[in-house]
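Participant: Following this message is one structure expressed as structure tokens.
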Amino acid sequence: MGSISEAPDVTVGVLALQGAFSEHLQLLRQAEQVLAATTPAPPRKWAFLEVRTEAELASCDALVIPGGESTAISLVAERSNMLDPLRDFVKQARKPTWGTCAGLILLAESANRTKKGGQELIGGLDVRVNRNHFGRQTESFQANLDLDFLKKSDGGSEAPFRAIFIRAPVVERLLPHMPGVQEGEAKTGETVIAPSRSTDQSLISTIGGAEVEVMAILPGRTATLSHEAKEKLDAEAGDIVAVRQANVFGTSFHPELTGDPRIHTWWLEQVIDAVEKRRALA
Ligand code: GLN
């Protein structure tokens, strides 16, 4: 126990303050099996752990922030002094971080329809999310998504991903990338913004582009209720339900509730790339 040779190659944490963290851990383990079976290189030693403290976070190479209730997660994070360590992890250390549903809200630089005084953001993605976008009547639904990023490099076809949306947010606006705070965003009463982000340009250039990439669109649903709908980039084109910006990935839906490990497997591959790049520099 504890000898250097037994140390994991890669440690992935799942923030376990509230929400669907054990489901993520289960799918991460499933994804590990897929990688071990499909990658020719000798299997890596992965460690997957529940993260509740700053010390646990410090041991992680990458982090998942699960779905749940973003107000509750932010409140518990604040009370357990985890907000700033989380912001440092995402925006200064720039380690791979994936947020699902409530996790996506927390990773946005700006969020709408937040409770007054009740929501802190971690930030990292230059987007504005609209919470509970689909309203109450359709709080929960499933839809097939075509996810190009899951397609094999040989161009082979990939089955659509059955995505589960539970009181889901959408990305309603891509914001300009700026080194400081998204100040123009704080004008309406229900919008909150994340505090300042890292300006360490050398790390940004190592880790990859700073632009927000749209990774998935939910077709055929028009925005409900939102006065912001008119502001959407292209309402007819559907709702943006997955985005990536450098080290940060966010999905409106819950891949951890499907039993389908494809997105977890893809993300672990991204984590390996990021960890290897970082270690090559060290
Ligand atoms: N509506 C929730 C929130 O605002 C997110 C729901 C979810 O994670 N399933 O935090």
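Participant: State, to one decimal in nm, how far the label point of Val34 lies from the label point of Ala210, with both points 7 Å from Cα in the Cβ direction.
Facilitator: 3.3
Participant: Rg and Dmax in Å for region 92-148, alpha carbons only: what are they?
Facilitator: Rg and Dmax of region 92-148, Cα atoms, are 13.3, 40 Å.
Participant: How far apart, in nanometres, would the label points at Glu78 and Ala143 be if each is projected 7 angstrom from Cα along the Cα-to-Cβ direction?
Facilitator: Once both label points are built, they end up 3.2 nm from each other.
Participant: While we're here: Taking Cα pairs under 8 Å and at least six residues apart, what relative contact order does region 21-115 come out at, in percent?
Facilitator: Numbers: 76 pairs, mean separation 27.4, N = 95.
It comes to 29 percent, rounded to a whole number.
Participant: Order 17-28, 39-50 from most to least packed using the mean count of other Cβ atoms within 10 Å. Mind showing how you got there, number by number?
Facilitator: Working: 17-28: 20.9, 39-50: 13.1.
Result, highest mean first: 17-28, 39-50.
Participant: Run the numbers on region 84-150 and let me know its relative contact order in percent, using alpha-carbon pairs under 8 Å that are six or more apart. Working shown, then result.
Facilitator: Numbers: 66 pairs, mean separation 17.7, N = 67.
Once normalised by length, the contact order is 26 percent.
Participant: At 1.567 mPa s and 4 °C, plugging the Kirkwood radius over alpha-carbon pairs of region 17-101 into Stokes-Einstein gives what diffusion coefficient in µm²/s? Write out the running numbers ahead of the final one.
Facilitator: On the way: Rh = 14.0 Å.
Result for D is 93 µm²/s.
Each value in this text was obtained by applying a stated rule to the coordinates, not by laboratory testing. Just so it is clear, the model here is predicted, and its values are computed rather than measured. No Cβ is skipped: glycine too gets one built from the backbone with ideal geometry, and neighbour counts run over all protein chains shown.
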